[in-house]
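Below you'll find the structure, written out as structure tokens, and then a few comments.
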Amino acid sequence: MKNLTDMETRIETIGEAKIDSPILKDTDGTSANIFKSDNDRVLIDVYSNHIIEMTDAREKPASFELAGPRQKIYFDPSKLKCALVTCGGLCPGLNNVIRAIVLGLYYRYGVRHIYGIRYGLQGFIPKYGHDLIDLNPSTVVHIHEMGGSILGSSRGPQDIEAIVDCLERLNIGILFMIGGDGTLKAASKIVEEIRNRNARISVIGIPKTIDNDIYMVARSFGFDSAVDIATEAIKGAHKEAEGYPNGIGMIKLMGRYSGFIAATAALAQQDVNFVLIPEIHFDMEGENGLLAKIERRLKDRRHAVILVAEGSGQYFFDKTEKDFDPSGNVKLFDIGVFLKERIMAHFSAKGVEVSLKYIDPSYMIRSLPANANDHVYCGFLGRDAVHAGMAGKTNMIIGHWNNFFVHVPMPLTTDKRKQVNTDGKLWQTVLEATGQGDLNNA
């Protein structure tokens, strides 16, 4: 992680907050201590040596603004109009975040004009003809019990000027954008166009990636649910593998560039013998290659369970011609099917009969409702997004860092991708739990 300066962590505002917050006007038992100040900070680097070095150099250690309600807000709730949009792939918790934002705006601030934009960024563009959804407590009361997004979603870029034209036509004051890396990049461009027009529109991002790979965010919503559901797939694969001589259970999980789900699920359900993630290189052949290791495992224990992230082993394929999805991501080759065929061919050539069961629960995981932990987590994200937007903050996301919810400048999150540190505790514990060792011949 690069060393950041105070300037890089500073949060933009669209104007001075002058209006008293309505939060304490009602006698609902809310404590005055609920309010936070922009001077309430959360250190980015908690390692004491780093802090001492910075202090000795008479430099302030970099920190994030603490999230939460402010005593003064920018927008007049009686006149404010807000919009919500969900973009990219589905993820457990989308409806939970939508519900938290709507209830926070409606009950805590008295905002009565809240619109849902249908089908991602397409919803801003007139030619698609997608209707708006009027969002209020009655329309969101039960949505947390459902998977997916009541707003729908789409992938791919849309004309930024046309998006801002739509915001101005609707007289939107705060736009809440729920999405991953591509969505946050689009949000930054929307902020830039708003700034060019000298408009007063706040853009607040809620980072969504089931892979947990948003940079400068410790945990993204949906990840906990994904790990929870993935453990059920591991249990099934393990029972299938145990049930047959030379049984192999293989599960493919999400993780285009980062293997957090696979690594964490392997520790949550320790029946896994091999974990393959994009951050590590593995060989198929050779004494330390995957095939030889599986062979030794079957000889010793008569069964094996393999967990593979979807972005692993892409170097085994001919990538002379790249194909891209509508979001601009390189389309991945199916590493799960490839491994299944290679493993079967390897043992067939040796005259060894194996029973391999291949499980891909990815789309089931993406579309299911959030679990209890994510439900609570999404509630915090949504409510803190509302507080930030009402205070006039913009070009930022609500993140989670060092056990606090914080304001993170949007440009920081699109700077790079978070990946598993193969020298860190998570991956080293996976190696201990599986005993797989290095899977390469170098």
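The values are calculated or read from the model by the stated rules, or taken from the named source; none is laboratory data. Quick caveat: nothing in here was measured; it's all calculated off a predicted structure. Methodologically, a virtual Cβ is constructed for each residue, glycine included, from the backbone with ideal geometry; neighbour enumeration extends over all protein chains shown. We work out accessible area using only protein heavy atoms, side chains counted, and drop any ligands, DNA or RNA first. Shrake-Rupley method; radii C 1.70, N 1.55, O 1.52, S 1.80 Å.
Considering segment 298-318, the residues that are surrounded by fewer than 20 Cβ atoms within 10 Å (Cβ to Cβ) and more than 22 Å from Gly243 (Cβ to Cβ) include one that is modelled with the lowest pLDDT, namely Asp318.
Among the residues of segment 411-426, the one identified as modelled with pLDDT of 95 or more, in contact with a helix residue (DSSP H, G or I) (Cβ under 6 Å, 6 or more places away or on another chain) and open to solvent by less than 40 Å² (accessible area, probe 1.4 Å) is Val420. The set of residues in segment 68-81 being within 15 Å of Asp384 (Cα to Cα) and open to solvent by less than 10 Å² (accessible area, probe 1.4 Å) consists of Gly68, Pro69, Ile73. When segment 73-120 is filtered for residues that are small (Gly, Ala, Ser) and on the phi < 0 side of the Ramachandran plot, the ones remaining, listed by number, are Ser78, Ala83, Gly89, Ala100, Gly104, Gly116. Residues that are free of Cβ contacts under 8 Å to residues at least 24 places away in the same chain and farther than 17 Å from Arg219 by Cβ are absent from segment 383-405 altogether. Strands (runs of 3 or more DSSP E) fully within segment 111-197 that include at least 1 residues being among the charged types (D, E, K, R): 132-134.
Within segment 1-57, restricting attention to residues that are of a type in the set (Ser, Thr, Tyr) and modelled with pLDDT of 90 or more, the residue that is farthest from Val408 (Cα to Cα) is Ser21. Picking from residues in segment 164-191 that are farther than 19 Å from Pro207 by Cβ and out of contact with any strand residue (DSSP E or B) (no Cβ under 9 Å at 6 or more places or on another chain), the one that is surrounded by the fewest Cβ atoms within 10 Å (Cβ to Cβ) is Arg169.
Every residue in segment 334-379 that is of a type in the set (S, T, N, Q) and free of Cβ contacts under 8 Å to residues at least 40 places away in the same chain, please.
Ser348
Glu341 meets all of the listed conditions (1) buried (at least 19 other Cβ atoms within 10 Å of the Cβ); (2) in a helix (DSSP H, G or I); (3) more than 31 Å from the chain's Cα centre (by Cα) but one, namely (1). Would you check which residues across segment 247-297 are within 20 Å of Ala237 (Cβ to Cβ), surrounded by fewer than 19 Cβ atoms within 10 Å (Cβ to Cβ) and small (Gly, Ala, Ser) and list them? Within segment 247-297, Ala268 is the sole residue that qualifies. Among residues of segment 315-327 that are within 29 Å of Gly120 (Cα to Cα), those with a Cβ under 6 angstrom from a residue that is modelled with pLDDT of 70 or more and part of a helix (DSSP H, G or I), sequence gap 6+ or separate chain, pair up as Ser327/Gly182. Restricting the first member to segment 220-246 and to residues that are on the phi > 0 side of the Ramachandran plot, and the second to residues that are buried (at least 24 other Cβ atoms within 10 Å of the Cβ), the beta-carbon pairs closer than 6 Å and six or more apart or on different chains are Gly222/Cys91; Gly222/Pro92; Gly222/Gly93; Gly222/Ile210.
Screening segment 350-442 for strands (runs of 3 or more DSSP E) wholly inside it with 1 or more residues that are farther than 17 Å from Gly68 by Cβ returns the ranges 355-359, 404-409. Is it true that some residue in segment 359-381 is within 23 Å of Asp45 (Cα to Cα) and acidic (Asp, Glu)? No, segment 359-381 contains no residue that is within 23 Å of Asp45 (Cα to Cα) and acidic (Asp, Glu).
Determine which member of the set Glu321, Glu353 is out of contact with any strand residue (DSSP E or B) (no Cβ under 7 Å at 6 or more places or on another chain), surrounded by fewer than 20 Cβ atoms within 10 Å (Cβ to Cβ), modelled with pLDDT under 95 and at negative phi. Give the derivation first.
Values: Glu353 fails: modelled with pLDDT under 95.
One residue alone meets the criteria, Glu321.
Here is a yes/no grid of residues against (1) under 26 Å from Met364 (Cβ atoms); (2) buried (at least 18 other Cβ atoms within 10 Å of the Cβ):
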residue: Gly104; (1), (2): no, yes
residue: Arg118; (1), (2): yes, yes
residue: Lys127; (1), (2): no, no
residue: Asp131; (1), (2): no, no
residue: Glu145; (1), (2): yes, no
residue: Ser154; (1), (2): yes, yes
